[in-house]
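Working notes for the structure below.
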Amino acid sequence: MTSPQASILGLGVASPPALTSQETAATLAQVRCGVTPRQQAWVRRLYRHSGIQRRGSVLVDAEQGTAGFEAFFPVPQTPDERGPTTASRLQRYEQEAPPLAEAACRRALADAAIEPGEITHLVCVSCTGMMAPGLDAHLVERLGLSVDIGRLHLGFMGCHGALNGLRTASALAQTCARPRVLVCCVELCSLHFQYGWDAQKIVANGLFADGAGAVVVGEAGENAWRLVDTASRLTSGSADAMTWRIGDHGFDMTLSSAVPKLVRETLAAWIEQWLAGHGMTLGDIRHWVIHPGGPEILRAATSALDLPEQAAQLSAEVLAEHGNMSSPTVLFILERLRAQGATGPCVTMGFGPGLSLEAALILCE
């Protein structure tokens, strides 16, 4: 349980400058993943039913379109080709992640009306790349943060990473007077596009995208959005349902068709028990921020909690307009909710390898 002594002071998000339509993404994918016309048709059909209209990639820009993606991921000449090495992909991550993260952080700082020099702690979250000095060191220099702030990196967790970042920020907010904890999530999922005929990897290719989100956390009472509590549940016997591993040609994801079933079977009882500890029920929650891992996972979560379709409207909108950006995605949804002037209790949820379920209870007043 998180001590109820932290508030969300500001939120900011950032996307790559150019977004690619899902139709164009399918055209690029089918010649890199499918060999036969039947396989290529399957890829197009999968992309068409993904719930996504467009997605961002740091490999795409407004002037040259998808030329950067096509140069980084050339059409394979043999069935055994698997694209750039992991080292090449991580070199690109080191080049592209800091500026995207910086943009989200600057927007969060502006939203909180806080100067960079006021930040007391920095928490970075990313599962799509790594380097040392890390993203935290890059952001200290880029943002003009104090060189004496506490820095922490939460790496390789997955789509639920932002919730772990909020939990960490809430704990850090108890450690000093007038805390200002900056949490930054940045993911460049498009760098890990996978070649070849592998259904689970093709599903991942069709869902994931690039983006960054940041949040400033401070003391309770400073802002109407109070971080009341966080919760975590590791689903027993589900370690193979969703995995994220380092391969020779990027990071490899497996995403079993069992994941929606696991969400339907485990989510409601866990959330109900957690809310009961706060004297609340599912009916007391006015807003639901559900990580849209994909349309099936989103449907599974709303079904498990017996929610109306409109409860997941913002989640579905972010999925459609940005794709699944992994950890920053829930911050994109929260940013939209905040812009609407939402009031009342809000539950934010994310799902990741484990199978891990993470949640945060936020009181918007």
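The values are calculated or read from the model by the stated rules, or taken from the named source; none is laboratory data. Owing to the predicted nature of the structure, the values given are computational and were not obtained by experimental measurement. Every residue, glycine as well, gets a Cβ built from its backbone with ideal geometry; the counts of neighbours run over all protein chains shown.
Would you say ARG180 is farther than 22 Å from SER315 by Cβ and in contact with a His (Cβ under 8 Å, 6 or more places away or on another chain)? Here the answer is yes, as ARG180 does meet what is asked. Pairing residues of the range 268-284 that are within 14 Å of LEU363 (Cα to Cα) with residues that are part of a loop (DSSP other than H, G, I, E, B) and at pLDDT below 95, at Cβ distances under 6 Å and at least 6 apart in sequence or on separate chains, gives no pairs at all. The single condition among (1) β-branched (Val, Ile, Thr); (2) touching a Leu at 6+ places or on another chain (Cβ under 9 Å); (3) modelled with pLDDT under 95 that ILE149 does not meet is (3).
Let's see how each residue does on (1) farther than 21 Å from GLY10 by Cβ; (2) among the charged types (D, E, K, R); (3) modelled with pLDDT of 95 or more:
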position	(1), (2), (3)
ALA301	yes, no, yes
ALA311	yes, no, yes
GLU317	yes, yes, yes
CYS346	no, no, yes
PHE351	yes, no, yes
ALA359	yes, no, yes
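Inspect all residues belonging to the range 177-198 and state whether any of them is of a type in the set (Phe, Trp, Tyr), on the phi > 0 side of the Ramachandran plot and surrounded by fewer than 24 Cβ atoms within 10 Å (Cβ to Cβ).
From the range 177-198, those of a type in the set (Phe, Trp, Tyr) are 193, 195, 197; that's our starting set.
Next cut, on the phi > 0 side of the Ramachandran plot only: none.
Taking every residue of the range 177-198 in turn, none turns out to be of a type in the set (Phe, Trp, Tyr), on the phi > 0 side of the Ramachandran plot and surrounded by fewer than 24 Cβ atoms within 10 Å (Cβ to Cβ).
Note on the range 80-100: residues that are outside any helix (DSSP H, G or I) and more than 13 Å from TYR195 (Cβ to Cβ) amount to 0. Kindly check whether there is at least one residue in the range 63-85 that is among the hydrophobic types (A, V, I, L, M, F, W, C), exposed (fewer than 13 other Cβ atoms within 10 Å of the Cβ) and free of Cβ contacts under 8 Å to residues at least 24 places away in the same chain. Yes, the range 63-85 contains at least one residue that is among the hydrophobic types (A, V, I, L, M, F, W, C), exposed (fewer than 13 other Cβ atoms within 10 Å of the Cβ) and free of Cβ contacts under 8 Å to residues at least 24 places away in the same chain. With respect to GLN77, determine if the residue is under 17 Å from HIS249 (Cβ atoms), out of contact with any Lys or Arg (no Cβ under 8 Å at 6 or more places or on another chain) and in a helix (DSSP H, G or I). No, not satisfied. Just to verify a result, which residue in the range 141-167, among those that are free of Cβ contacts under 8 Å to residues at least 40 places away in the same chain and in contact with a strand residue (DSSP E or B) (Cβ under 7 Å, 6 or more places away or on another chain), is surrounded by the most Cβ atoms within 10 Å (Cβ to Cβ)? Among those that are free of Cβ contacts under 8 Å to residues at least 40 places away in the same chain and in contact with a strand residue (DSSP E or B) (Cβ under 7 Å, 6 or more places away or on another chain), it is LEU145.
Is it the case that some residue within the range 33-46 is surrounded by 23 or more Cβ atoms within 10 Å (Cβ to Cβ) and either free of Cβ contacts under 8 Å to residues at least 60 places away in the same chain or within 20 Å of the chain's Cα centre (by Cα) (or both)? Within the range 33-46, none of the residues are surrounded by 23 or more Cβ atoms within 10 Å (Cβ to Cβ) and either free of Cβ contacts under 8 Å to residues at least 60 places away in the same chain or within 20 Å of the chain's Cα centre (by Cα) (or both).
Annotation note: Cβ proximity below 6 Å between a residue of the range 329-341 that is more than 15 Å from ALA312 (Cβ to Cβ) and at pLDDT 95 or above and a residue that is in a helix (DSSP H, G or I) and among the hydrophobic types (A, V, I, L, M, F, W, C) (sequence gap 6+ or interchain) occurs for LEU331/ALA162. For beta carbons closer than 7 Å, sequence separation of 6+ or different chains, a first residue in the range 233-262 that is farther than 19 Å from PRO292 by Cα and a second that is of a type outside the set (A, V, I, L, M) and loosely packed, with under 12 Cβ neighbours inside 10 Å, the qualifying pairs are PHE251/ARG245; ASP252/ARG245. Could you figure out which of (1) touching a Leu at 6+ places or on another chain (Cβ under 8 Å); (2) in a helix (DSSP H, G or I) isn't true of GLY283? Unmet condition: (1). Consider the range 172-196 and keep the residues that are modelled with pLDDT under 95 and of a type in the set (A, V, I, L, M). The one that is farthest from ARG226 (Cα to Cα) is ALA177.
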